[in-house]
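Every read-out reported here was derived from the displayed coordinates using simple, explicitly stated rules and does not represent laboratory data. From a predicted model like this one, the values you see are computed outputs, not experimental measurements. Cβ sites come from the backbone with ideal geometry, for glycine too, and all protein chains shown count toward neighbours.
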Amino acid sequence: MGEYPRLLVDDLKIEENARVIVELAKEHGIGVTGVTKATCGDPGVARAMIRGGVTSIGESRVLNIKRLRSEGLDADILLLRTPMASEVDEVIDVADISLNSEMGILGLLNAEAEKREKVHKVVPMVEMGDLREGFPPEELFQVLEPITRMKGLSLHGLGMNLACFGGVVPTSEKVEEFEEMVEDVEDRLGMDLEMISSGNSANIPLLTEGHSHGRTNNLRIGEGILLGLETVNRTAIPGTHQDAFVLEAEIIEKKSKPSKPQGTVSQNAFGEIPSFEDRGEMVRGIAAVGRQDAILEDLVPIEEDLEVLGGSSDHLLLDMEGSGKDVGDHVRFIPAYGALVHLCTSEYVNKVHF
């Protein structure tokens, strides 16, 4: 693999971001699970989060958890995505805790854990309006009561998730509604749950605005630590870095060309019909990175006099009018969350920690 494109990963900035958020959450009696899923379970990122004070690591894919374990990570790991039936044996092997939203899967986890004479911790999720995963609130007791009788499972807590699929904001009213459900089922079950996990980086504004969180004692924070952003309005979290990840790509062409294609326009390589503003002749550049590696519209140029125009599978098109960069030089970008996910997943992008 060549040196470029490469994703520069500043472990110290990730550690510092984690520390800021951990301290903020601690003021409300809340611990933080550091979520590494955007980085495909990068061990360096996980270790930086742990140095910053997170109490556990959250991952959505078993393969990433296995990667972390193979690199010697012995912290508690929470599997964020409901396990697939086909992977319950591996879940019992490598994950300490799993979030769950299907009784059938819970039954399979219980059977596998019993077979191995283990006890696996589970955190059922409650559907609170975002319409991703979760049990309906009205079914909650009927779900939890049988779990308490399963010998291979320990009912570790309850969780909810907002602002991921439906974009529903975790308001103080939503959090209070969830916490009231928690207290109700605890009373009915006659037990105290250990982990009350009421959200993610979208909950950070509630912390910074001083809203109390009652029974909540855990948040699952990914983007807030990785990019220093809360995820309701994507504003910077005070005291954090927004440039812990920087993409560097090499320029492979720079020429004066028209701003509009010449000829009849139909679909591009991705089945889209593009439209172009006529800006006359312009200095256009191509960097060697593409849609196979990133969401190109989610790349923010660091250098002045650069604008992302779009691209194809392997080409990033740039407006370079006024830029002093030339062929063979490197251009740098701050990735938004979607671009970061793609960059970390692409095997064509070098990941360089420092």
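Assorted remarks:
- At full extension, residue 177 and residue 321 could sit 46.5 nm farther apart than now, given 0.36 nm per residue minus the alpha carbon distance.
- Under a model in which nothing but the beta-carbon of Lys, Arg (+1) and Asp, Glu (-1) is charged, the range 11-226 shows a dipole of about 800 debye around its Cα centre.
- Close Lys pairs in the range 1-152, defined as Cα atoms under 18 Å apart and 8 or more places apart or on different chains, number 6.
- A dipole drawn for the range 11-226 from +1 and -1 charges on Cβ atoms has a positive end, and of 35, 172, 205 the residue lying farthest that way is 35.
- Pairwise Cα inverse-distance average, inverted: Kirkwood Rh of the range 245-353 (Å): 14.4
- Beta bridge orientation in the chain: antiparallel %, DSSP, nearest 5: 45
- For residue 200, distant residues with modelled amide H under 5 Å away: 162, 220
- Normalised alpha carbon radius of gyration of the chain [divisor 2.2 N^0.38 Å]: 1.12
- Distance-filtered residues of the range 112-150 - backbone nitrogen under 17 Å, label point 7 angstrom along residue 85 Cα→Cβ: 112-113
- Segment residue 26..residue 132, full-extension length gain: 35.4 nm, with 0.36 nm per residue of separation and the alpha-carbon distance subtracted.
- Estimated 222 nm signal from helices in the chain, with DSSP H stretches of n ≥ 4 weighted -39500 (n - 2.57), rounded to 500: -8000 deg cm²/dmol
- Cα-based Rg and Dmax for the range 296-348, where Dmax is the largest Cα-Cα distance (Å): 11.5, 33
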